[in-house]
Amino acid sequence: MARKELAVDNVAEAYLALLAERGVEYLFANAGTDFAPLVEAFAKAARTGMPVPRPVLATHENLALSMAHGYAMVTRRVPAVMVHVSVGTANGVCGVLNAARENVPMLFTAGRSPLTENGLPGARDVYIHWAQEMFDQAGMLREIVKWEYELRNGPQLETVIDRALSVATTPPGGPVYLSLPREVLAAPLPGFSYDSPSRRVAAAPPGPDEGAIDGAARILAAAENPLIVTASAGRDPAAVDALADFAQRFAIPVVQHRPRHLCLPTDHPCHLGYDAGPFLSRADAILVLECDVPWIPSLEAPRPECKVVHLGIDPLFSRYPIRGFPCDLAVTGAPAAALPQLGDAVDSHISGSAVAERRRRLAEQREDLKADWQKTHEAAASMRPIHMAWASACIARIKPEDAILVNEYTLMPEHCGSNRAGSYFGSSTASGLGWGGGAALGAKLAAPDRLVIAVLGDGSHLFGNPVALHHASAMHKLPVLFVIMNNSMWGAVRRATLGMYPRGEAAHSNKPPLIDLDDLPAFEQVCAAAGGYGERVEDPAALPAALDRAVHAVTVEKRQALLNVICRGV
Ligand SMILES: Cc1ncc(C[n+]2csc(CCOP(=O)(O)OP(=O)(O)O)c2C)c(N)n1
């Protein structure tokens, strides 16, 4: 434990140095006039060699936040992001909501318009400084972040930053917001001292209550047809092994509903795919494991007598306004620690013969499911326009075991499985579109030696601001393979309309409004315009070779590649 001294001139320099000291490697930034003291401090650090986070420029706020999100989900470290005052914050809200719902710790910061009209260093000197000020800039995202504050002076810097980082990283993690007025950043700070390491660390994750573990164990042990539904257990890679052991020990099938992380290896004997629907009606106990939406109650539900146990760091998802899934018991705990304890408790209550019988049934169910998947992708192989199942299976063929897949909607994981923890990331449950491309760049920054593949819908890709995205890939030397599954529509909007009005006007229309995306740009040329490799693929038989060429461009030529795969609608 020591106090460190740093020779700095102002708060901005001390701020950057402190971030680096606290382990923040990158500052993803979309700059404005509020950044002047930081630009100056970065430039000075480049000359003096003082350690500071590496600045990563992104030309749209959603891109900056998505890149930070992608970096954080792979490294599990905290990135900093800075945007321009009120307007930059407004553009960033969607990305913050994505990160918040996925419990991604992040220090999200924004400048404040200079407060003073004269006198202090940093005072207003551009006409925008009047109109951009808001009474409550943080009000835009106070509901979303875990904590927000404004840095008011230099002497408080260490406390504020340590509090921000410790709150962000205390499980369940999430973004925090800090505004940084220009005069405060520019304020002179002759010398700065701080504790190293920090004396204000994050809290450890909650340990499960013994009684709750025993109660959950009794429910699972008494069940004939228990089921586990998860979406995000794999956020912590250690939980993947814990879940694999637990499920295998008691032959409990695992369904990953809309997974955001790989929670169970695809070749695990208990892996029963991605749709709990077919298994719900037989289930007599369900363990909802780090999963906000285990099924869709208006479409399907377990029997009323089925017992439901929720387990997770925040098993009730307390930040969601409404979530009414049955909950007979909720266990607060991190899955990596809780599952082994639950396993030992189930062991003391369960009968071996029930497990053996279940294991036999599970093997049959799994074989049936795999045969169905095989049939689907074989039937899809010759379909033109290309079927997303075939495109997914082709990606599976070229994907090395350690590749990172970033899926914004269109990859079908049943046709493109992964076995390694930390190798699959689905878009946030908040579903703020435009995340996948930037998240893939962030993942590549975090894991430069791994192939990163972003699979995006045409709609999702457009939300992601493709010109800014490809520019960032080129500028930061982050070669990613982008596969656009292009069905020239917002299929989700079409599905929603047909779901609500199956025999309605839109269902009978050849061209219902607000669904088709006519005259889309040639996405492959946009990538090529940024120096990448681009190809349009219409023939399903040509897709494997096109993927080989794209992988070559990324891994050998070290430049980004994009395949514009013309897919069938929904
Ligand atoms: C920021 C934002 N705006 C709008 C939506 C609503 N939305 C959900 S899915 C979707 C369409 C996505 O299109 P695409 O990526 O092409 O996939 P498809 O639905 O065709 O499979 C839209 C517009 C959203 N989720 N996020």
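Which numbered condition in (1) within 13 Å of Ala231 (Cα to Cα); (2) surrounded by fewer than 19 Cβ atoms within 10 Å (Cβ to Cβ) is the only one that Cys291 fails?
For Cys291, the exception is condition (2).
Taking the condition farther than 27 Å from Ser423 by Cβ, out of contact with any helix residue (DSSP H, G or I) (no Cβ under 8 Å at 6 or more places or on another chain) and within 16 Å of the ligand (Cβ to nearest atom), does Val526 pass?
No; evaluated as a whole, the condition is false for this residue.
Would you please name the residue that is surrounded by the most Cβ atoms within 10 Å (Cβ to Cβ), looking only at residues in region 403-425 that are among the hydrophobic types (A, V, I, L, M, F, W, C) and part of a loop (DSSP other than H, G, I, E, B)?
Just the residues of region 403-425 that are among the hydrophobic types (A, V, I, L, M, F, W, C), to begin with: 403-406, 411-412, 416, 421, 425.
Then drop every residue that is not part of a loop (DSSP other than H, G, I, E, B), which leaves 403, 411-412, 416, 421.
Numbers: Ala403: 20, Leu411: 26, Met412: 23, Cys416: 23, Ala421: 20.
The extreme case among them is Leu411.
Tell me which of these Pro521 doesn't satisfy, since it passes every other one: (1) assigned to a strand (DSSP E or B); (2) more than 12 Å from the ligand (Cβ to nearest atom).
The one condition Pro521 does not meet is (1).
Yes or no, residue by residue, for (1) closer than 22 Å to Met106 by Cα; (2) at pLDDT 95 or above; (3) in contact with a Leu (Cβ under 9 Å, 6 or more places away or on another chain):
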| position | (1), (2), (3) |
| --- | --- |
| Gly122 | no, no, yes |
| Glu133 | no, yes, yes |
| Gln137 | yes, yes, no |
| Pro155 | no, yes, yes |
| Thr159 | yes, yes, no |
| Thr170 | yes, yes, no |
| Leu178 | yes, yes, yes |
| Gly191 | no, no, yes |
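Anything in region 112-136 that is more than 15 Å from Thr33 (Cβ to Cβ) and either in a strand (DSSP E or B) or within 34 Å of the chain's Cα centre (by Cα) (or both)? List them, or say none.
Listed by number, the residues that qualify are Met134, Phe135, Asp136.
Within the group Arg235, Arg260, which residue is farther than 20 Å from Val308 by Cβ, surrounded by 23 or more Cβ atoms within 10 Å (Cβ to Cβ) and touching a Phe, Trp or Tyr at 6+ places or on another chain (Cβ under 7 Å)?
Sole residue among the options that is farther than 20 Å from Val308 by Cβ, surrounded by 23 or more Cβ atoms within 10 Å (Cβ to Cβ) and touching a Phe, Trp or Tyr at 6+ places or on another chain (Cβ under 7 Å): Arg260.
For region 453-471: of the residues being closer than 22 Å to Tyr409 by Cα and more than 13 Å from the ligand (Cβ to nearest atom), which is surrounded by the fewest Cβ atoms within 10 Å (Cβ to Cβ)?
The qualifying residue surrounded by the fewest Cβ atoms within 10 Å (Cβ to Cβ) is Val467.
In region 551-570, which residues are within 30 Å of Ile515 (Cα to Cα) and away from the ligand (no atom under 16 Å from the Cβ)?
Hits for region 551-570 are Gln560, Ala561.
Which of the residues spanning region 365-413 are more than 18 Å from Pro544 (Cβ to Cβ), of a type outside the set (Ser, Thr, Tyr) and within 16 Å of the ligand (Cβ to nearest atom)?
Answer for region 365-413, where residues must be more than 18 Å from Pro544 (Cβ to Cβ), of a type outside the set (Ser, Thr, Tyr) and within 16 Å of the ligand (Cβ to nearest atom): Val406, Asn407, Glu408, Pro413.
Of the residues in region 31-46, how many are touching a strand residue (DSSP E or B) at 6+ places or on another chain (Cβ under 6 Å) and buried (at least 24 other Cβ atoms within 10 Å of the Cβ)?
Total meeting the criteria: 1.
Restricted to region 131-177, and to residues that are in contact (Cβ under 8 Å) with a residue 60 or more places away in the chain and of a type in the set (Ser, Thr, Tyr), which residue is farthest from Glu102 (Cα to Cα)?
Tyr177
When residues of region 166-202 are filtered for being in a helix (DSSP H, G or I) and more than 26 Å from Leu141 (Cβ to Cβ), how many remain?
So in region 166-202, the residues in a helix (DSSP H, G or I) come out as 166-169, 182-186.
Still in the running and more than 26 Å from Leu141 (Cβ to Cβ): none.
Going through region 166-202 one residue at a time, the tally reaches 0.
Filtering region 426-452 down to residues that are away from the ligand (no atom under 16 Å from the Cβ) and outside any loop (DSSP other than H, G, I, E, B), which residue is surrounded by the most Cβ atoms within 10 Å (Cβ to Cβ)?
It comes out as Gly442.
Would you check if there is a residue in region 315-325 being out of contact with any Lys or Arg (no Cβ under 9 Å at 6 or more places or on another chain), of a type in the set (S, T, N, Q) and surrounded by fewer than 20 Cβ atoms within 10 Å (Cβ to Cβ)? Write out each step before concluding.
Step one: filter region 315-325 for residues out of contact with any Lys or Arg (no Cβ under 9 Å at 6 or more places or on another chain), giving 315, 318, 321-325.
From what is left, the residues that are of a type in the set (S, T, N, Q) are 318.
From the residues that got through so far, the ones that are surrounded by fewer than 20 Cβ atoms within 10 Å (Cβ to Cβ) too are 318.
Among the residues of region 315-325, at least one is out of contact with any Lys or Arg (no Cβ under 9 Å at 6 or more places or on another chain), of a type in the set (S, T, N, Q) and surrounded by fewer than 20 Cβ atoms within 10 Å (Cβ to Cβ), which makes the answer yes.
Which numbered condition trips up Met82, out of (1) in contact with a strand residue (DSSP E or B) (Cβ under 6 Å, 6 or more places away or on another chain); (2) surrounded by fewer than 23 Cβ atoms within 10 Å (Cβ to Cβ)?
Just one mismatch for Met82, condition (2).
Looking at (1) hydrophobic (A, V, I, L, M, F, W, C); (2) assigned to a helix (DSSP H, G or I); (3) within 15 Å of the ligand (Cβ to nearest atom), which one does Leu514 not meet, given that it meets all the others?
For Leu514, the failing item is (2).
If we keep just the residues of region 145-188 that are within 28 Å of the chain's Cα centre (by Cα) and among the acidic types (Asp, Glu), which is farthest from Leu18 (Cα to Cα)?
Result: Glu148.
Please list, ordered by residue number, the helices (runs of 4 or more DSSP H) wholly in region 203-322 having 1 or more residues that are under 26 Å from Val167 (Cβ atoms).
Of the helices (runs of 4 or more DSSP H) lying wholly inside region 203-322, those with at least 1 residues that are under 26 Å from Val167 (Cβ atoms) span 210-222, 237-250.
From the list Glu183, Glu102, which one is among the charged types (D, E, K, R) and within 16 Å of the ligand (Cβ to nearest atom)?
None of the other options fit; the residue is Glu102.
Hey, can you tell me all the residues within region 472-496 that are within 7 Å of the ligand (Cβ to nearest atom), over 13 Å from Leu520 (Cβ atoms) and buried (at least 21 other Cβ atoms within 10 Å of the Cβ)?
The one that is within 7 Å of the ligand (Cβ to nearest atom), over 13 Å from Leu520 (Cβ atoms) and buried (at least 21 other Cβ atoms within 10 Å of the Cβ): Gly491.
The values are calculated or read from the model by the stated rules, or taken from the named source; none is laboratory data. Because the structure is predicted, anything quoted here is derived from the model rather than measured. As a convention, Cβ positions derive from the backbone with ideal geometry for all residues, glycine included, and neighbour counts pool all protein chains shown.
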